[in-house]
1. Which condition breaks for Leu82 when tested against (1) assigned to a helix (DSSP H, G or I); (2) open to solvent by 30 Å² or more (accessible area, probe 1.4 Å)?
2. Can you tell me which residue is nearest to Ala114 (Cα to Cα) among those in the range 236-277 that are free of Cβ contacts under 8 Å to residues at least 40 places away in the same chain and open to solvent by less than 30 Å² (accessible area, probe 1.4 Å)?
3. Filter the range 181-218 down to the residues that are small (Gly, Ala, Ser) and open to solvent by 50 Å² or more (accessible area, probe 1.4 Å), then identify the one that is farthest from the chain's Cα centre (by Cα).
4. Taking into account only those residues within the range 143-158 that are in a helix (DSSP H, G or I) and either open to solvent by 20 Å² or more (accessible area, probe 1.4 Å) or of a type in the set (Ser, Thr, Tyr) (or both), which is nearest to Lys262 (Cα to Cα)?
5. Pairs only if they're at least six apart or on different chains, beta carbon under 7 angstrom, first in the range 5-16 and in contact (Cβ under 8 Å) with a residue 40 or more places away in the chain, second β-branched (Val, Ile, Thr) and surrounded by 14 or more Cβ atoms within 10 Å (Cβ to Cβ); list them, first residue then second.
6. Among the residues of the range 119-142, write down those that are open to solvent by 30 Å² or more (accessible area, probe 1.4 Å) and out of contact with any helix residue (DSSP H, G or I) (no Cβ under 7 Å at 6 or more places or on another chain).
7. Name the pairs: first residue in the range 27-44 and assigned to a loop (DSSP other than H, G, I, E, B), second residue of a type outside the set (A, V, I, L, M) and at pLDDT 80 or above, Cβ to Cβ under 6 Å, at least 6 apart or on different chains?
8. (1) surrounded by fewer than 21 Cβ atoms within 10 Å (Cβ to Cβ); (2) closer than 27 Å to Val200 by Cα; (3) touching a Leu at 6+ places or on another chain (Cβ under 7 Å); (4) hydrophobic (A, V, I, L, M, F, W, C): which one isn't true of Cys62, the others all being true?
Amino acid sequence: MRFQRYTDTDSFSRDVRDVLLEDEAQNFLQLSFLGNKTDAVKNWLLATVKNDDGGVILTAACTPPFNIVLYETKSRPNDAALKLLSEELKSAGFALPGVLAEQGLAHRFAETYARGSYRRHMSIRVMRLDTVADIKKAPGFCRPVREEDLFFAPYWGRAFGEDCRVEVYSIPEMTEQIRKHIGRDKHYIWEDGQPVSQAVNEHVTPNGAIISNVYTPPHYRGRGYASACVASLSQLLLDRGHKFCALFADTENPVSCGIYRKLGYKDQCGFAEIKFI
């Protein structure tokens, strides 16, 4: 068994792409890293643990300051591989804020790496949609984000992060992120006389499209706007040729999980986000 670290996404992709595609919806985060040419790659962790025959046992990716994302090939537990990864990371001085992975894998790695010095931050469902269910949509229409939306959309993005307990960016940072979405058919707004909800397609995999940042301001909730926005964006992505859509849903938010299921999303697996203390 041996540990291998990669300095570019192309070589990492050659070794892990087919492995990750066996559970494509589950692995959409790691798959979205493949082929990325950003200069930040030099600060990333892209690694595998392989068996003596060169087969990939464990895949790991971390883009600081975010959590390490892990996958065990065919979801087969291998504690020896986790131990080797943990030892190599500590030896290299690569500090991790936490781990995001299938819940059993996340807890086993946390115990190996942090030995009790950790806390569960979130329980998450990976959900996949192949066909959008026929629902009665709320009044309004779905449209791409526009320049004039920058007066409110950054605040929605920040509020989404606070509500979902994920990375929260400053308003200037959010403004620049959203500005990059304009004209790229990634960020969509549901409008009913005024903007009332949003959903974003930030990442794609070889066969799928990932939906994130679903947000409706509190005073517009309960009217079906988020359902209409996600349904419309999901159908748009399927019409573009993607075979499926996928998203993360907070297990502790039964309302959002129920909404996604009514749209045709189905549970794929349970994830855990664990923070190291």
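1. (2)
2. Among those that are free of Cβ contacts under 8 Å to residues at least 40 places away in the same chain and open to solvent by less than 30 Å² (accessible area, probe 1.4 Å), it is Gly258.
3. Of all residues in the range 181-218, those small (Gly, Ala, Ser) come to 183, 193, 197, 199, 208-209, 212.
With the extra rule that they be open to solvent by 50 Å² or more (accessible area, probe 1.4 Å), the set shrinks to 183, 193.
Numbers: Gly183: 22, Gly193: 31 Å.
By that ranking, first place goes to Gly193.
4. Narrowing the range 143-158 to residues in a helix (DSSP H, G or I): 147-151, 153-158.
Remaining after also requiring either open to solvent by 20 Å² or more (accessible area, probe 1.4 Å) or of a type in the set (Ser, Thr, Tyr) (or both): 147-148, 150-151, 155-156, 158.
Working: Glu147: 32, Glu148: 32, Leu150: 31, Phe151: 32, Tyr155: 28, Trp156: 24, Arg158: 27 Å.
Selected residue: Trp156.
5. Asp15/Thr48; Asp15/Val56; Val16/Thr48; Val16/Val56; Val16/Thr59
6. Within the range 119-142, Arg119, Arg120, His121, Arg128, Asp130, Thr131, Asp134, Lys136, Pro139, Phe141 meet the criteria.
7. Matching pairs, first to second residue: Asn27/Tyr71; Leu34/Thr9; Leu34/Ser13; Gly35/Thr9; Asn36/Thr9; Trp44/Thr63.
8. Only one criterion in (1) surrounded by fewer than 21 Cβ atoms within 10 Å (Cβ to Cβ); (2) closer than 27 Å to Val200 by Cα; (3) touching a Leu at 6+ places or on another chain (Cβ under 7 Å); (4) hydrophobic (A, V, I, L, M, F, W, C) is unmet by Cys62, namely (1).
The values are calculated or read from the model by the stated rules, or taken from the named source; none is laboratory data. This one's a predicted model, so the numbers in the text were calculated from it and none came from an experiment. Glycine also receives a Cβ, built like all others from the backbone with ideal geometry; neighbour counts cover every protein chain displayed. Ligands, DNA and RNA are stripped out before the accessible areas are found, and what is left, the full protein with its side chains, is counted by its heavy atoms. Shrake-Rupley method; radii C 1.70, N 1.55, O 1.52, S 1.80 Å.
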